[in-house]
1. Of everything in region B:168-182, what is within 26 Å of B:Ala61 (Cβ to Cβ), surrounded by fewer than 17 Cβ atoms within 10 Å (Cβ to Cβ) and more than 13 Å from chain A (Cβ to nearest Cβ)? Give them in sequence order.
2. Exactly one condition in (1) out of contact with any Leu (no Cβ under 6 Å at 6 or more places or on another chain); (2) open to solvent by 50 Å² or more (accessible area, probe 1.4 Å) is false for A:Val104; which is it?
3. For region B:157-176, indicate whether the set of residues that are of a type in the set (Phe, Trp, Tyr) and away from DNA strand D (no atom under 16 Å from the Cβ) is non-empty.
4. Only residues that are in a loop (DSSP other than H, G, I, E, B) and more than 7 Å from chain B (Cβ to nearest Cβ): list them for region A:55-92, please.
5. Taking A:Ile95 and the conditions (1) more than 11 Å from chain B (Cβ to nearest Cβ); (2) part of a loop (DSSP other than H, G, I, E, B); (3) farther than 17 Å from A:Asp64 by Cα, which numbered condition does it fall short on, given that it satisfies the others?
6. Mind listing just one residue for me: the one in region B:114-152 that is aromatic (Phe, Trp, Tyr) and more than 7 Å from chain A (Cβ to nearest Cβ) and, of those, farthest from A:Ala152 (Cα to Cα)?
7. Under the condition of being open to solvent by 40 Å² or more (accessible area, probe 1.4 Å) and touching a residue at least 40 places away in the same chain (Cβ under 8 Å), which residue from region A:86-101 is nearest to B:Arg138 (Cα to Cα)?
8. Could you please give the count of residues in region B:152-166 that are of a type in the set (A, V, I, L, M, F, W, C), in contact (Cβ under 8 Å) with a residue 12 or more places away in the chain and open to solvent by 10 Å² or more (accessible area, probe 1.4 Å)?
Protein chains: 2
Amino acid sequence: MSSHDVKKKCKSCALYSDSKLFCASLSGNELCDLSDHSRTLSMKRGDTLEGDALSHWPIVAIDDGVVSIQHLLQDGRKTIAALFMRGDILDLRNISNRNRGALVALGKVNICRMAPKVFAQIMAENPNSQKIVWENLRDQAFRAIDHSADIAKKQALEKLASFVLECRNRQEITGNTEVIDIPVRRVDLAEYLGMQPETVSRGFKDLENRGVLDVISLKAVKIKNLQFLRRIADGDKDVIDEKGDPGSFKVLQFG
Amino acid sequence: MSSHDVKKKCKSCALYSDSKLFCASLSGNELCDLSDHSRTLSMKRGDTLEGDALSHWPIVAIDDGVVSIQHLLQDGRKTIAALFMRGDILDLRNISNRNRGALVALGKVNICRMAPKVFAQIMAENPNSQKIVWENLRDQAFRAIDHSADIAKKQALEKLASFVLECRNRQEITGNTEVIDIPVRRVDLAEYLGMQPETVSRGFKDLENRGVLDVISLKAVKIKNLQFLRRIADGDKDVIDEKGDPGSFKVLQFG
DNA sequence: TGAAAAAGTTGATCGAGATCAAAAAAGCCC
DNA sequence: GGGCTTTTTTGATCTCGATCAACTTTTTCA
């Protein structure tokens, strides 16, 4: 594959075009080398990555879309244990022996699978790239830890509020219009938060009744009262206890 | 600090004496340098690491004991979002701005806090050490992800079974005596699994009634039927549905 | 070692969210 | 764009685990 092809393949990928992401940190030679030893792949909702596909290409970088790790219990209960998005790099080497989760696309997804050898070489030789990948993995770990905290003790409304804030954290806020993109379906959201789709639906309605946010569509909400949203997510019972009568909740000026 | 002192300080530490762990992978010079730029610390139950202590020494390696990340909600609910043990290396650089968790010891703990500069240098220069730290962080991430799956949809008995198996995974099995060390208290266990201490207590009793394990003490259980324990943890309702009458559950021979 | 404090267990009651059922909305495909 | 499927929402009921309270065991520390 020539250097020209490399450019063509990588130019449109977020990992290269966003200067904060992995491929943007590579030297020309490294990018060329990695490009020669990688395969892009488009997935649609429900497509999974497993078995040979994973053992040969265990390093997965996400260009676009949302990928989940799903755990299936024997009686059919399903859990989405983690969500990965643009810029995330998954290292699935030696993962099959302990982790039961499958990698499933939650919509249209573009990924790039890298040969572990070249990836490892770059990690060893390019401190700057290493730092980017390390910080990404550390973020993955802490996101998972925070998520555990969210689903362990919080109640339905609080989980939803936390999720909206998590989405807000992960996306650039364009201007001050607080329109937050919800990148997953209601069913997936329910599975991610450990609740039922019915409860998710009721929860959003409740938040809407409290005047905290507007549900613009299934794919977006508009935050109307960020302070209250934060307090609900933080488990402030003074806010929760009012039963969601429109406009009638306690107005506590400062937190 | 002389090279002799270095030896004295590090000789008794698991990170050095266990050949699979970080400090054992260092060259003599690196170990010396890191030792000069690190501080050991003994903690007792309830001691926390935060503020200046963390921003100056954000790399924390665990020699012995159990350390938790705790999240506190505004009405007092507490969650243990993650557990860290011997060999784990925590990178808490830039963590204060997004993560609300505090680092709390759950018993007697020995840690070693490292200067980020020396740590980063070793990461950049010693591929072998880098690999060990990388794999440890990856394990932390996947442990957290698996834990999310455990607490999201599983019911009380299944969570407990999963936890016992998690403990089993993390400790060397000595011979075939299936005695598993439970390194945390009941309250902490409850907070980690997102349930109440009462429910933990009832759960262990239930598992005992089913003949799956014996509760030897508050600190150890003995697995009597590993296969059933696995199936309960996996959400097999055929096993769960029998209401825990001693010896009367369905005996399904194979998987 | 023994008394006080903390942690854990057992029992009884209650409620948030699961579950079941059915209608409404959104997405899809020819 | 209209008929089809899939997803989401709404309503009614039920259940598992939370909560409250009393008791027992373990740990702590003088």
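1. B:Gln171, B:Glu172, B:Ile173, B:Thr174, B:Asp181
2. (2)
3. no
4. A:Trp57, A:Pro58, A:Gly65, A:Val66, A:Gly76, A:Met85, A:Arg86, A:Gly87, A:Asp88, A:Leu92
5. All conditions pass for A:Ile95, except number (1).
6. B:Phe119
7. A:Ser96
8. The number of residues fulfilling the criteria is 3.
The values are calculated or read from the model by the stated rules, or taken from the named source; none is laboratory data. In this text the structure is predicted, and so the values were computed from the model without any measurement. Every residue, glycine as well, gets a Cβ built from its backbone with ideal geometry; the counts of neighbours run over all protein chains shown. These area figures cover heavy atoms from the full protein model, side chains too; ligands, DNA and RNA do not enter into them. Shrake-Rupley method; radii C 1.70, N 1.55, O 1.52, S 1.80 Å.
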